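Comments concern the structure below.
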Amino acid sequence: MNSGTTINIPKLEISPQEHAENKPTQESIAAATRLLRETGLVVIESVLPRDWIAEINSAMQAVLDMGEDAHHGTHPMLEMPFMDARIIDNPFAIPIMKAAMGEKIFAYLPYGCNSTSPGSDIQWIHRDSGQLFPELPFALPVSTIVVNIPLVDFTVENGATEVWPGSHLIVDDEAVRNTPYNVCDEERAAQLPSFQLIMPAGSVVVRDMRCWHRAMPNRTEIRRHMLALVYFRRFHHSPDAPGIFNAQISEDIWSNMSEAAQEVYRFQAHD
Ligand SMILES: O=C(O)CCC(=O)C(=O)O
């Protein structure tokens, strides 16, 4: 991060009433959606209660300490407290995402967690999603969004995520388009404005997944966790639509189709 420069973090300020009722007004949703569209992200500070977020932080630490293979049966993040509606159905993030990506957004569970450990290194600059039509010379509207919830205060010392506002609209050269995570050249990014997401625990960040970003070094003694919930715009696959999309073909017909044809018709129900 360029020290000495001031770059505004795009924030949605919510009123005490919106906070108390856990319900953004239409004006707030419109303002947040505009910030998301124009800068690639919007931060709503201190939405969730600090003491409850501290409990989630401890629970997350316990899950991570357990290790990936240690749990049997249901994944712990598919249970409480991780499935709390304040996380998976956040009353501020969901309406903003629906305004940006349509009413039919969808997501998968369990969601993820970005953690940095004491002594962790700087991450490479990357996008989590490329452009929808990477071959076109312009960016289309957002179709993948991540909601981040920091479980501790995010500071320069513990490696608050660095983000490049506006980078969601940058179209990569062909060579970059084909690299995993669309990794961005350090020298190129250094010429553009960026900031670290300094924010209190329990804030909610709604970020276009095309934004360049990276985890920064954690110079504290404490692990730094941030929940990450990914949401998608629903395009054409409509298994719940009434009519012909539900038609079921027999296994006999299905098994006689070529592999290429089965790939094309992969969402078709068959016996
Ligand atoms: O942990 C962070 O600060 C950000 C990491 C991240 O978003 C990523 O790896 O995609």
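Quick grid of which residues meet (1) out of contact with any helix residue (DSSP H, G or I) (no Cβ under 6 Å at 6 or more places or on another chain); (2) farther than 28 Å from residue 131 by Cα; (3) at pLDDT 95 or above:
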| position | (1), (2), (3) |
| --- | --- |
| 197 | yes, no, yes |
| 200 | yes, yes, yes |
| 214 | yes, no, yes |
| 222 | yes, yes, yes |
| 226 | yes, no, yes |
| 231 | no, no, yes |
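Taking the range 77-125 as the range and being part of a loop (DSSP other than H, G, I, E, B) and either without any contact (Cβ under 8 Å) to a residue 24 or more places away in the chain or under 15 Å from residue 202 (Cα atoms) (or both) as the test, the residues that pass are 79, 80, 81, 82, 84, 89, 90, 91, 92, 103.
For (1) under 30 Å from residue 79 (Cα atoms); (2) in contact with a helix residue (DSSP H, G or I) (Cβ under 7 Å, 6 or more places away or on another chain); (3) outside the structural domain of residue 225 (by TED's automatic domain parsing), each residue gets a yes or a no:
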site	(1), (2), (3)
101	yes, no, no
104	yes, no, no
112	yes, no, no
117	yes, no, no
121	no, no, no
134	no, yes, no
139	no, yes, no
145	yes, yes, no
152	yes, yes, no
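Being more than 22 Å from residue 227 (Cβ to Cβ), of a type in the set (Gly, Ala, Ser) and modelled with pLDDT of 95 or more is a property that does not hold for residue 32.
Pairs are defined by a Cβ separation below 8 Å, a sequence spacing of at least 6 or placement on different chains, a first member in the range 24-38 that is closer than 17 Å to residue 140 by Cβ, and a second member that is part of a helix (DSSP H, G or I); the pairs so defined are 33/96; 33/99; 33/100; 36/96; 36/100; 37/100.
Here's the yes/no breakdown for (1) under 15 Å from residue 209 (Cα atoms); (2) surrounded by fewer than 20 Cβ atoms within 10 Å (Cβ to Cβ); (3) in contact with a Ser or Thr (Cβ under 8 Å, 6 or more places away or on another chain):
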position: 85; (1), (2), (3): no, yes, no
position: 98; (1), (2), (3): no, yes, no
position: 116; (1), (2), (3): no, no, no
position: 121; (1), (2), (3): no, yes, no
position: 146; (1), (2), (3): yes, no, no
position: 151; (1), (2), (3): no, no, no
position: 156; (1), (2), (3): no, yes, no
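For residue 193, are the conditions met, namely being closer than 17 Å to residue 41 by Cα and over 14 Å from the mean Cα position of the chain (by Cα)? Lay out the reasoning, then the answer.
On the way: closer than 17 Å to residue 41 by Cα: yes; over 14 Å from the mean Cα position of the chain (by Cα): yes.
Yes, satisfied.
Any residue at all in the range 152-165 that's modelled with pLDDT of 95 or more, assigned to a loop (DSSP other than H, G, I, E, B), within 16 Å of the ligand (Cβ to nearest atom) and among the small types (Gly, Ala, Ser)? Looking for residues that are modelled with pLDDT of 95 or more, assigned to a loop (DSSP other than H, G, I, E, B), within 16 Å of the ligand (Cβ to nearest atom) and among the small types (Gly, Ala, Ser), one finds at least one in the range 152-165, hence yes. Restricting attention to the range 183-200, the residues that are under 30 Å from residue 89 (Cβ atoms) and within 14 Å of the ligand (Cβ to nearest atom) total 5. State whether the residues of the range 245-257 include one that is surrounded by 15 or more Cβ atoms within 10 Å (Cβ to Cβ) and out of contact with any helix residue (DSSP H, G or I) (no Cβ under 6 Å at 6 or more places or on another chain). There is at least one residue in the range 245-257 that is surrounded by 15 or more Cβ atoms within 10 Å (Cβ to Cβ) and out of contact with any helix residue (DSSP H, G or I) (no Cβ under 6 Å at 6 or more places or on another chain).
Filtering the range 126-151 to residues that are part of a loop (DSSP other than H, G, I, E, B), within 12 Å of the ligand (Cβ to nearest atom) and more than 16 Å from residue 172 (Cβ to Cβ) leaves only 151.
Of the residues that make up the range 245-253, is at least one at pLDDT below 90 and assigned to a helix (DSSP H, G or I)? Yes, the range 245-253 contains at least one residue that is at pLDDT below 90 and assigned to a helix (DSSP H, G or I).
The values are calculated or read from the model by the stated rules, or taken from the named source; none is laboratory data. Only a predicted model underlies this, so the values are computations on that prediction, with no experimental measurement involved. Virtual Cβ from ideal backbone geometry, glycine too; neighbours counted across all protein chains shown.
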